[in-house]
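What follows is a short report on a single structure.
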Amino acid sequence: MKLQAQLEAALMHGLNMRQLVSLLIISDSGVVRATTISRRLGIASASVTIILDKLEHMHLIARTRTELDRRVVRVQLTQLGTATLHAIANVQA
């Protein structure tokens, strides 16, 4: 029951399942490469880019490129992203 309530809370925050799982992957890692999210979700990097675009637009994540290789994109949660995940995790069934 709590899982269902959490999924409903995620929907109320405007998140679909892939976006929620992406946030959880990022949260678990602190700072993660976009390619790692792609690999863990088992989807193409282009699909992850679309997910990250939406999450960034919602101010839930921040993306940065490394100085050594601009192709490498690192992703981390913003304060709002962390707060959103806490709100979803703490929802009561």
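One table, with the values for the structure above:
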| read-out | value |
| --- | --- |
| Formal net charge of residues neighbouring Thr78 (Cβ-Cβ distance under 15 Å; K, R +1; D, E -1) | +1 |
| Residue-by-residue Karplus 3J(HN,Hα) for region 58-63, coefficients 6.51, -1.76, 1.60, Hz, glycine and proline x | 7, 6, 8, 9, 10, 10 |
| Solvent exposure, largest accessible area first (probe 1.4 Å, DNA, RNA and ligands not counted), of His57, His86 | His57, His86 |
| Residue-count net charge about Ile26 - beta-carbon cut-off 11 Å; Lys, Arg +1, Asp, Glu -1 | +3 |
| Long-range amide H partners of Arg33 with built H, under 5 Å | Val75 |
| Spin-label pair Arg40/Leu11, simplified geometry with 7 Å Cα→Cβ offset, distance in nm | 2.5 |
| Amide H contacts under 5 Å for Thr78, placed H, 5+ residues apart | Ile61, Ala62 |
| Per-residue ³J(HN,Hα) for region 38-49, Karplus 6.51 cos²θ - 1.76 cosθ + 1.60, θ = phi - 60°, Hz, x for Gly and Pro | 4, 5, 5, 7, x, 10, 5, 4, 5, 5, 5, 4 |
| Angle in degrees between helix 79-89 and the longest Cα principal axis of the chain, rounded to the nearest 10 | 40 |
| Selection from Leu15, Leu52, Leu85, by position along the positive dipole direction of the chain (Cβ) | Leu52 |
| Between helix 17-29 and the chain: long-axis angle, C-alpha atoms, 0 to 90°, nearest 10 | 70 |
| Solvent accessible area, Å² - Ser29, 1.4 Å probe, full protein context | 50 |
| Estimated distance in nm for a label pair at Ala89 and Asp69, the labels positioned 7 Å out from Cα along Cα-to-Cβ | 3.0 |
| Stokes-Einstein translational diffusion, the chain - Kirkwood Rh over all Cα pairs, 1.306 mPa s, 10 °C, in µm²/s | 118 |
| Solvent exposure, largest accessible area first (probe 1.4 Å, DNA, RNA and ligands not counted), of Asp69, Asp53 | Asp53, Asp69 |
| Heavy-atom accessible area per residue - the chain, 1.4 Å, Å² | 64 |
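The values are calculated or read from the model by the stated rules, or taken from the named source; none is laboratory data. Predicted model, so just to flag it, every value in this text is computed and none were measured. Please note: Cβ atoms are built from the backbone with ideal geometry, for glycine as well, and neighbour counts cover all protein chains shown. Quick note on the areas: whole protein, heavy atoms, side chains included, nothing else; ligands and nucleic acids left out. Shrake-Rupley method; radii C 1.70, N 1.55, O 1.52, S 1.80 Å.
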